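Below is one structure, written out as structure tokens; the observations come after it.
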Amino acid sequence: MYVKLIAHTPEPDRVVAAAAKLCYSASSAVEIFDGLTTENCAKFLQILQKSGHMSPFEHANFTFAIDGISRVTSHQLVRHRMASFSQQSQRYVGMEENECILPPSLDKIEGAKVIFTKQIESAKEAYNKLVALGIPKEDARFVLPHGGLTRIVVTMNARELHHFFSLRICHRAQWEIQSLATAMLKEVKKVAPLLFSKAGPSCISKGKCEEARPCGKPIGPDEL
């Protein structure tokens, strides 16, 4: 898996803080923005998150290039509808040599990996034969496994990212999208540490688990 933040709103911490402060000020957004210090931003953003006033977070956008995830995970990712997606097309891009993600659980049961890889190779062979016969790639792809690798570009605003992280970094999330969300959080923290200082599942953002069925293994700040 490869995750890289390729674009973002300049000075996202200050942009969000200025937008929020405008609601309570007679000054212009430019005057507020120019007068903000890191300390002022940190203090005000903490108040916003604690109060649940998250609409100003929508003014900061973040775009990620993501390679090497399975379509199992991309299908989960695109369910977050407050986002923009551009995904590698199996209709136009040949999948002759496409690799497949091997779930870690295969290593825990003897013989499981052999069964899994045999099925993957069979699907790949069928795909290549169908394409060679003249079947369009868009039809031959129907035999490909969900675990095949894909590439995708994703853009989300900071509010949706907080929501995404709250659901997908939780230990109850599926393992691959949990890894993806954690990698994305580490990327945005590099450019917007104040906006995402409390981002994560409820055990991080709220200090307590809000899942109906807690996992009993709260995530520690050092894991993020």
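The values are calculated or read from the model by the stated rules, or taken from the named source; none is laboratory data. The structure presented is a predicted model; accordingly, all values stated were derived computationally and were not measured. So basically every Cβ, Gly included, is an ideal-geometry build from the backbone, and we count neighbours across all protein chains shown. Only protein heavy atoms, including side chains, enter the accessible area calculation; ligands, DNA and RNA are left aside. Shrake-Rupley method; radii C 1.70, N 1.55, O 1.52, S 1.80 Å.
Brief remarks follow.
- Test result for Arg141, under 30 Å from Pro201 (Cα atoms) and either without any contact (Cβ under 8 Å) to a residue 40 or more places away in the chain or surrounded by 13 or more Cβ atoms within 10 Å (Cβ to Cβ) (or both): no
- Matching residues, the stretch 59-75, being loosely packed, with under 15 Cβ neighbours inside 10 Å and within 19 Å of Leu167 (Cα to Cα): His75
- Residue, surrounded by the most Cβ atoms within 10 Å (Cβ to Cβ), within the stretch 156-171, restricted to residues that are more than 16 Å from Asn61 (Cα to Cα) and among the aliphatic types (A, V, I, L, M): Ile169
- Taken over the stretch 95-137, the residue count meeting the criterion of being closer than 25 Å to Ile177 by Cβ and among the hydroxyl-bearing types (Ser, Thr, Tyr) is 2.
- In the condition set (1) surrounded by 14 or more Cβ atoms within 10 Å (Cβ to Cβ); (2) touching a residue at least 60 places away in the same chain (Cβ under 8 Å), Cys100 is compliant with all but (2).
- Taken together, the residues in the stretch 173-219 that are over 11 Å from the mean Cα position of the chain (by Cα), modelled with pLDDT of 90 or more and of a type in the set (D, E, K, R) amount to 2.
- Taken over the stretch 1-46, the residue count meeting the criterion of being within 25 Å of Lys186 (Cα to Cα), in contact with a helix residue (DSSP H, G or I) (Cβ under 9 Å, 6 or more places away or on another chain) and among the aliphatic types (A, V, I, L, M) is 12.
- Unique match (being more than 30 Å from Ile204 (Cα to Cα) and either open to solvent by 40 Å² or more (accessible area, probe 1.4 Å) or in contact with a His (Cβ under 7 Å, 6 or more places away or on another chain) (or both)) among Gln174, Gln119: Gln119
- Any hit, the stretch 116-130, residues being closer than 30 Å to Val15 by Cα and either of a type in the set (A, V, I, L, M, F, W, C) or modelled with pLDDT of 90 or more (or both): no
- The single condition among (1) touching a Phe, Trp or Tyr at 6+ places or on another chain (Cβ under 6 Å); (2) surrounded by fewer than 20 Cβ atoms within 10 Å (Cβ to Cβ); (3) in contact (Cβ under 8 Å) with a residue 24 or more places away in the chain that Val153 does not satisfy is (1).
- Candidate set from the stretch 34-48 (those that are open to solvent by less than 50 Å² (accessible area, probe 1.4 Å) and in contact with a Leu (Cβ under 9 Å, 6 or more places away or on another chain)); member that is nearest to Gly147 (Cα to Cα): Leu45
- Among (1) farther than 30 Å from Leu149 by Cα; (2) touching a helix residue (DSSP H, G or I) at 6+ places or on another chain (Cβ under 8 Å); (3) touching a residue at least 24 places away in the same chain (Cβ under 8 Å) - the single one Phe62 does not satisfy: (1)
- Residues (in contact with a helix residue (DSSP H, G or I) (Cβ under 9 Å, 6 or more places away or on another chain) and without any contact (Cβ under 8 Å) to a residue 24 or more places away in the chain) located in the stretch 103-113: Ser105, Leu106, Asp107, Ala112, Lys113
- Elements of type helices (runs of 4 or more DSSP H) in the stretch 4-121, at least 2 residues being more than 25 Å from Pro193 (Cα to Cα) and more than 21 Å from the chain's Cα centre (by Cα): none
- Criterion violated by Ala212 - all others in (1) more than 25 Å from Leu102 (Cα to Cα); (2) open to solvent by 80 Å² or more (accessible area, probe 1.4 Å); (3) in a helix (DSSP H, G or I); (4) hydrophobic (A, V, I, L, M, F, W, C) satisfied: (3)
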